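This report concerns only the one structure given below.
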Amino acid sequence: MKKTKKKLVISTVAYLLITVTLLLPVFMIGIQSTNEYAREITQQPETQMTTHETRNVTFEESGFTPILGLSQEDFLYDFDFLIRTLEENFPSFGIIYRRNGVDMLKLATELRESFFGKDVEWDYLGFYDMLRSEFFRHAWPVGHLRLVSYSALREDFPSLYFNTRTRTGRIYNHLSHQLRGTIWREENISVAREDRGFTNNRIITNIPIDGYVAYIRLPHMDNLTVAHPVRIDIVDNFFSEIEEFGHLIIDLRGHTGGWIDPFKELLVTPFIDEPLETTFHHFYMQGHENTRYMLTIPGRFDRVPIYDLDLEEIFGHSVLSEAVIEDLQRMDMYMPRTAVVQPNLDRRVSFDPKIWLLTDINNFSAAQHIAAFFYQTGFATLVGDTTGGMAVYMCSFPSHHFTLPNTGFMVRYDPLYIISACGRPWEYGTVPHHFNREGMDALQTVLAIIAEGNY
């Protein structure tokens with residue numbers, strides 16, 4: 001028995017030695033290939049290119065071989081999947097047409113005929129750029145409809161971006177390293193340059209009229225959670241200095257979005273004794289993505305099939321335009337949502353000024369919510385320009401994302417079609433009580449209104 005065991009051990013060791021000897025050259029070749037690929041990635045020069053130039057970049061020119069071998073049929077399948085998914089779930093194609101003059105579904109048909117012919121050979125970058133520059137750019141700024149860039153994926157979905165075991169993670173991660181300085185970076189620069197208005201990273205306070213009118217502007221809404229206790233102290237100290245003032249001007253201009261709760265906590269709770277609330281009306285389509293999306297939202301919400309709904313009972317007679325009614329015919333479900341701000345008696349100030357909110361076309365998303373909430377509750381009088389829109393409801397209903405099955409590219413959109421109590425869709429923006437006067441900006445206009453006592 002002992003001899004048998006000894007022979008077995010010797011045989012096993014001999015087998016392992018033979019296996020290692022045979023596989024070692026293959027293993028060394030693999031290491032060499034991996035190192036060469038790593039050097040190729042790290043040594044790739046960063047280039048500064050114009051938007052026109054980046055549209056012609058190919059993987060061959062960048063020295064990068066696609067990490068997933070896709071056929072032209074795979075790219076076509078992803079395109080059809082994208083359009084079908086949006087057609088069944090995205091509620092705002094009608095608004096895009098009325099705002100931008102583009103029929104997105106007709107455009108999709110034209111792109112399919114033009115770009116998927118026999119003479120077109122797609123790679124990842126070319127396909128991405130076609131979607132971004134030929135399709136999604138016509139949607140801005142409606143419904144957050146866009147192709148997610150690699151930097152946005154890295155910031156919003158780091159667990160996915162750095163997980164190269166997933167198709168999306170592999171594509172975005174490798175392209176971000178290989179194509180730095182080209183289209184992937186250029187598109188984010190353009191968004192920051194064109195759409196963020198005037199932003200700042202500090203609270204600005206001022207007293208335009210001593211003893212009577214005070215002014216405050218918060219940083220960009222993305223930054224409101226940074227050093228939040230410090231910012232509460234800054235705001236409260238300022239409010240303690242203006243206790244006898246009759247007017248407070250809140251400047252929302254240039255805020256393109258972010259988070260609404262810190263904004264409300266800082267600038268609403270000090271002036272209310274009871275809950276401040278209002279109802280917004282939500283509609284959505286029951287496509288596969290929206291149905292899956294609703295299951296991910298925490299809490300319970302009242303939902304009613306739209307065919308059981310009396311719109312006149314909700315909005316009144318002849319409030320909704322024919323265009324909005326046409327949009328609602330594509331919806332399946334209705335869901336009212338009440339936005340509430342609770343008072344904070346620990347921060348309640350001892351005065352009740354007339355509150356003004358300055359708005360402009362750069363107010364999107366969460367800033368659109370703030371403008372609509374202030375207007376509909378009567379908390380403030382709005383002065384300036386109509387806001388930019390974007391219908392995402394930031395508290396419980398953020399944007400939804402889905403990925404294209406072959407390329408792994410991620411798409412963002414707002415599933416909800418939101419209408420204010422007056423029957424105006426959020427995507428149209430919120431109209432101020434007073435538009436800018438000729439030759440004046442919003443601040444000059446509100447100061448003139450205050451001086452005239454015309455409020």
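The values are calculated or read from the model by the stated rules, or taken from the named source; none is laboratory data. All values derive from a computational prediction rather than experimental measurement. Note that each Cβ is placed from the backbone with ideal geometry, even for glycine, and that neighbours are counted across all protein chains shown.
Among residues belonging to region 140-164 that are among the β-branched types (V, I, T) and under 16 Å from the mean Cα position of the chain (by Cα), point out the one that is surrounded by the most Cβ atoms within 10 Å (Cβ to Cβ). Give the derivation first.
Just the residues of region 140-164 that are among the β-branched types (V, I, T), to begin with: 142, 148, 164.
Retained after the next criterion (residues that are under 16 Å from the mean Cα position of the chain (by Cα)): 142, 148.
Details: V142: 27, V148: 18.
Residue satisfying both the conditions and the ranking: V142.
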Exercise. List pairs: first in region 255-275 and free of Cβ contacts under 8 Å to residues at least 60 places away in the same chain, second aliphatic (A, V, I, L, M), Cβ under 6 Å, 6+ apart or cross-chain?
Worked result: P262/L224; L266/V235; L267/I250
Seminar exercise, completed: Counted residues in region 90-114 being under 21 Å from E289 (Cβ atoms) and among the charged types (D, E, K, R) come to 1
Exercise. Could you list, in sequence order, the residues of region 117-126 that are exposed (fewer than 12 other Cβ atoms within 10 Å of the Cβ) and modelled with pLDDT under 80?
Worked result: G117, K118, D119
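Out of the residues in region 218-254 that are part of a helix (DSSP H, G or I) and under 16 Å from Q368 (Cβ atoms), state the one that is modelled with the lowest pLDDT. Don't jump to the end; show me each part of the working.
Of all residues in region 218-254, those part of a helix (DSSP H, G or I) come to 221-223, 228-241.
Within this subset, residues satisfying the condition of being under 16 Å from Q368 (Cβ atoms) are 221-222.
Working: M221: 72, D222: 66.
If we take residues in region 218-254 being part of a helix (DSSP H, G or I) and under 16 Å from Q368 (Cβ atoms), then D222 is modelled with the lowest pLDDT.
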Exercise. In the list F239, F245, F283, F263, which residue meets the criterion of being aromatic (F, W, Y), touching a Gly at 6+ places or on another chain (Cβ under 8 Å) and outside the structural domain of F93 (by TED's automatic domain parsing)?
Worked result: F245
Exercise. Given the structure, is D385 without any contact (Cβ under 8 Å) to a residue 24 or more places away in the chain and of a type in the set (D, E, K, R)?
Worked result: no
Problem set entry | Failed item in (1) hydrophobic (A, V, I, L, M, F, W, C); (2) more than 19 Å from F374 (Cα to Cα); (3) outside any loop (DSSP other than H, G, I, E, B); (4) touching a residue at least 12 places away in the same chain (Cβ under 8 Å), with L295 passing the rest | (4)
For this session: Residue by residue through region 325-334, note down the ones that are in contact with a Gly (Cβ under 7 Å, 6 or more places away or on another chain) and either surrounded by fewer than 16 Cβ atoms within 10 Å (Cβ to Cβ) or among the hydrophobic types (A, V, I, L, M, F, W, C) (or both).
Result: E326
Seminar exercise, completed: Checked region 340-369 for anything under 16 Å from the mean Cα position of the chain (by Cα) and not hydroxyl-bearing (S, T, Y); matches are N362, N363, F364, A366, A367, Q368, H369
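Quick one: which of G299, G257, G287, G316 is of a type outside the set (S, T, Y), buried (at least 19 other Cβ atoms within 10 Å of the Cβ) and modelled with pLDDT under 90?
Selected residue: G257, the only one of G299, G257, G287, G316 that is of a type outside the set (S, T, Y), buried (at least 19 other Cβ atoms within 10 Å of the Cβ) and modelled with pLDDT under 90.
If you go through region 347-375, how many residues are within 26 Å of I209 (Cα to Cα) and either surrounded by 24 or more Cβ atoms within 10 Å (Cβ to Cβ) or touching a strand residue (DSSP E or B) at 6+ places or on another chain (Cβ under 7 Å) (or both)? It would help to see each step written out before you state the result.
Here is the first cut: in region 347-375, the ones within 26 Å of I209 (Cα to Cα) are 347-360, 370-371, 374-375.
After this cut, where a residue has to be either surrounded by 24 or more Cβ atoms within 10 Å (Cβ to Cβ) or touching a strand residue (DSSP E or B) at 6+ places or on another chain (Cβ under 7 Å) (or both) as well, the list is 353-360, 370-371, 374-375.
So the count comes out to 12.
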Problem set entry | E427 within 30 Å of L86 (Cβ to Cβ) and not in a strand (DSSP E or B) | yes
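Using the structure shown, decide if D129 is surrounded by 15 or more Cβ atoms within 10 Å (Cβ to Cβ) and more than 16 Å from R412 (Cβ to Cβ). Break it down stepwise before answering.
Working: surrounded by 15 or more Cβ atoms within 10 Å (Cβ to Cβ): yes; more than 16 Å from R412 (Cβ to Cβ): yes.
For D129, the condition - surrounded by 15 or more Cβ atoms within 10 Å (Cβ to Cβ) and more than 16 Å from R412 (Cβ to Cβ) - is met.
Take the residues of region 351-384 that are among the polar types (S, T, N, Q) and in a helix (DSSP H, G or I): which is modelled with the lowest pLDDT?
Residues of region 351-384 among the polar types (S, T, N, Q): 359, 362-363, 365, 368, 376-377, 381.
Now drop any that are not in a helix (DSSP H, G or I), which leaves 368, 376-377.
Values: Q368: 91, Q376: 94, T377: 96.
Checking each candidate, the answer is Q368.
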